[in-house]
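Novice: Dropping a structure here in C-alpha cells format, bear with me for questions.
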Amino acid sequence: MRAMPAPQKDGPRANRDIRGVREVQLIDDTGQNRGVMGFFEALQVAEEAGLDLVEIAPNSVPPVCKLLDYGRFRFNEQKKQAEARKRQKTVEVKEIKLRPGIDKHDYEVKMKAVQRFFEEGDKVKVTLRFRGREMAHQDLGLRLLERVKAETQEVAKVESEPQLEGRQMIMILAPR
C-alpha cells in the first residue's frame, strides 16, 4: 500500500511550496528589484510586508520571486482566462442542401440563409443531392455550385472546390 502522491497545484508556487532553492531574485510589491538574497530571508521580508512570496520565473538562475497578494493574483488570472474564453468564437459549419432542379425563388431563399451564416462568421457546406436520373446531368449541378461560388465571391472564399461523393456534390465556403 502506497501513500497517495501529493496533488499537483496549477499556477506558480508560493511561500513554502517553493522548494529546492537556496537564493532568489526578489522583486518587491512596487516592482523594484531588491537583488539576489537567500530564500528564507526573502520569505521573512514577505511575511513582514504581509504579502506572499510568489515564484514568477522558476527556470531562471536564481529563480525570480515577487512579493504580492497571492489570492488577488489568482483571482485576476482567473478573470483574464474567463475574459479570453468569452471573446473566443467557435466556427460552426452550417449546411445548405440544394437539388439540381431548384426553382429561382427557392434558390434566393437559400442564398439569403448563406449570407446570414457568413455574417455570423460560420462556414457553409453546400450539398447538392442527385436523385435517380439526375446523376446523368452532373454538369447542371456543377453549374449551380459555380453560380453559388460566383454570388458569394465578395463575402466568402472557397475552402474546398465542388467534388462528387457518391450521389451528392459538396463544396465548402468560409467567410473572408
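Residue-by-condition table, conditions (1) assigned by the TED database to the domain that holds Lys149; (2) touching a strand residue (DSSP E or B) at 6+ places or on another chain (Cβ under 6 Å):
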residue: Met4; (1), (2): no, no
residue: Asp17; (1), (2): no, no
residue: Arg22; (1), (2): no, no
residue: Leu26; (1), (2): no, yes
residue: Gly35; (1), (2): no, no
residue: Lys66; (1), (2): no, yes
residue: Arg74; (1), (2): no, no
residue: Leu98; (1), (2): yes, yes
residue: Glu108; (1), (2): yes, no
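Novice: If we scan region 122-130, do we find a residue that is under 24 Å from Arg167 (Cα atoms), touching a residue at least 12 places away in the same chain (Cβ under 8 Å) and assigned to a loop (DSSP other than H, G, I, E, B)?
Specialist: Within region 122-130, one or more residues are under 24 Å from Arg167 (Cα atoms), touching a residue at least 12 places away in the same chain (Cβ under 8 Å) and assigned to a loop (DSSP other than H, G, I, E, B).
Novice: Residues in region 120-148 that are within 18 Å of Val109 (Cβ to Cβ) and open to solvent by 10 Å² or more (accessible area, probe 1.4 Å): how many?
Specialist: Residues that pass the stated criteria total 5.
The values are calculated or read from the model by the stated rules, or taken from the named source; none is laboratory data. Values in this document were obtained by computation on a predicted structure and should not be read as measured data. As a convention, Cβ positions derive from the backbone with ideal geometry for all residues, glycine included, and neighbour counts pool all protein chains shown. Keep in mind that these areas ignore ligands, DNA and RNA; they rest on the heavy atoms of the full protein, side chains included. Shrake-Rupley method; radii C 1.70, N 1.55, O 1.52, S 1.80 Å.
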